[in-house]
Amino acid sequence: MNNTIKLAVASALLAAASTASAAGGIVAGDWTLDIGGNVNAYASNTSAKATQGTAPVGGLAGTRDALGQKNSMGINTGLLPSWIGFSGKTRQNDLDVAFTISMQPNVSDNTAAGDANTPLNRQAFVSFGDASWGSIKLGKDIGIFAQDAILNDMTLLGVGAASGNSGTATTLGGIGSGYIYAAWKGQVAYTSPNFNGFSFTAGITNPNQGFSAVNQDRFGLEGKVAYAFTGDVAGKVWASAASYDVTDVTGDAYKANAFDVGATVSMAGFGLTGYYYDGKGAGTTVFGANGATAAGAKRDSNGGYVQATYTIPGVGTKIGAAYGVSKLDTANGEVNATLISKNERITLGAYHPITKHLNLVAEYNNVQSEAQVKTNKTESNAVSLGAILFF
């Protein structure tokens, strides 16, 4: 994965209107318009070991079917869904004004006719601002908390966990086995100007996201700070946080809070990323999932991942290895033998650019899921081969 491809990944995920440019966009009156995205597909073979005890609730490892068959094959979209985004920007009244609308078709479908899975719709937002004071975004886009965790995950170009049967919109990558999903959220967010590499973002988000609730009396709060640097040694350091005030459908109230820290550096073809998160009531995999008992008692969670990559000179192939884990504790006094305790993942990957837009991908993923009572666990191994094209 060369720099062109890496930038394309970030653009596809964030689809910031600033990616439209006079050099590559279409000039239409006062507007510069742009279209971009990707198409990807992977053939995966997942082999599940026999479940020991009872399969953990919230486990991500593949399991055998009712007939005891261990192999599960599918042709799926990877972690990054196939994507088409439309963006535009203009300068009016001393403001940079922009918009982005996108949709995400997918490859996976288990129906006889093959047309049951509808596209995802992950983005629809407007932004305005100026380099002197920053910008404001209103609409639906990727969440602020844990955003950099997924952007720096090498499986963004591949598959990661949950490759199993076809029929799902995307796989999980390192979601739930290294970080909580940033998700796609309605938001109003402010991003500061770039102060010599330092920047910050703060926003309010949909309050009901990820929780079993009808009405909430407070918006979700999310924010992050980051410092990026360039040179022979380049990289980024960041920290982000999220807070939600939850009242579930039974009337139990609690606060779901989480924070993370991470860093990524690259030098002479080598790359290293380290990430850690910690939460109370935030759950695992998706923010809020299994974060509290039915009575509203909060569960603690934490996890992270380390990742090392190397780009072979003259060839461009990036090879990488990653280890990730997401842990969940029971609440005080809770006894729950089958609740997930941890999901662990080991990924080995090779990502080869055969053109500046097209990458061939090969991945191996081992996923282990263990419940609070350690005799309840599952494990699976998966091999995936495919390609991803950016345009």
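Summary of computed values
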{"item": "Simple spin-label estimate for Asn71 and Ser47 in nanometres, 7 Å along Cα-Cβ", "result": "0.9"}
{"item": "Sites Ile319 and Val249, calculated FRET efficiency, Cβ-Cβ separation with R0 45 Å, nearest 0.05", "result": "0.40"}
{"item": "For Ser192, Ser380, order by how many other beta-carbon atoms lie within 10 Å, fewest first", "result": "Ser192, Ser380"}
{"item": "Mean-position separation - Cα centroids, the stretch 149-169 and the stretch 225-243, in angstrom", "result": "23"}
{"item": "Unsatisfied cross-links (Cα-Cα over 26 Å) in the set Lys49/Lys374; Lys140/Lys327; Lys137/Lys356; Lys49/Lys327", "result": "Lys140/Lys327; Lys137/Lys356"}
{"item": "20 Å cut-off, amide nitrogen to a point 7 angstrom out along Thr111 Cα→Cβ, residues in the stretch 125-168", "result": "165-168"}
{"item": "Expected 222 nm ellipticity per residue - DSSP helices of 4 or more, -39500 (n - 2.57), all of the chain, to 500", "result": "-1000 deg cm²/dmol"}
{"item": "Projected label distance in nm at Thr230 and Phe195, using a 7 Å step from Cα toward the beta-carbon", "result": "2.1"}
{"item": "Amide H within-cut-off set for Phe287, under 5 Å, with H built and near neighbours excluded", "result": "Tyr181"}
{"item": "Net length gained if the chain between Asn165 and Asn336 were fully extended (0.36 nm per residue, minus Cα distance)", "result": "58.7 nm"}
{"item": "Cβ-based exposure ranking for Lys327, Lys342, Lys356, in which fewest neighbours within 10 Å come first", "result": "Lys356, Lys327, Lys342"}
{"item": "Neighbour-count order for Trp238, Trp83, Trp31, fewest beta carbons within 10 angstrom listed first", "result": "Trp31, Trp238, Trp83"}
{"item": "Calculated from backbone phi, Karplus (6.51, -1.76, 1.60) coupling profile of the stretch 202-210 in Hz, x at Gly/Pro", "result": "9, x, 9, 10, 3, x, 8, 4, x"}
{"item": "Aspartates and glutamates whose Cα lies under 16 Å from that of Lys236, excluding same-chain neighbours fewer than 8 positions away", "result": "Asp148, Asp153, Asp260"}
{"item": "Virtual paramagnetic centre 7 Å along Cα→Cβ of Val57, amide N under 13 Å, in the stretch 340-357", "result": "340-341"}
{"item": "Choice from Gly281, Gly78, Gly186 with maximal GNM fluctuation in the chain (Cα, 10 Å cutoff)", "result": "Gly186"}
{"item": "Extension gain (nm, one decimal) between Asn93 and Ala124, 0.36 nm per residue minus Cα-Cα", "result": "8.8 nm"}
{"item": "Theoretical gain in end-to-end length, Ala295 to Trp133 [0.36 nm per residue, Cα-Cα removed]", "result": "53.8 nm"}
{"item": "Residue-by-residue Karplus 3J(HN,Hα) for the stretch 222-228, coefficients 6.51, -1.76, 1.60, Hz, glycine and proline x", "result": "9, x, 8, 10, 8, 9, 10"}
{"item": "Hz values of 3J(HN,Hα) by residue in the stretch 298-310 - Karplus curve (6.51, -1.76, 1.60), Gly and Pro given as x", "result": "6, 10, 7, 9, 7, x, x, 8, 10, 8, 10, 9, 8"}
{"item": "Rel. contact order, % - alpha carbon contacts under 8 angstrom, at least six apart, the chain", "result": "18"}
{"item": "Other-chain or far-sequence residues with amide H under 5 Å of Gly296's (modelled H)", "result": "none"}
{"item": "Label assignment, Cα Rg over 2.2 N^0.38 Å derived from the structure, set (1) 0.99; (2) 0.94; (3) 1.08", "result": "(1)"}
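Values in this text are rule-based calculations from the coordinates and carry no lab data. These figures come from a predicted structure and were not determined experimentally. Cβ sites come from the backbone with ideal geometry, for glycine too, and all protein chains shown count toward neighbours.
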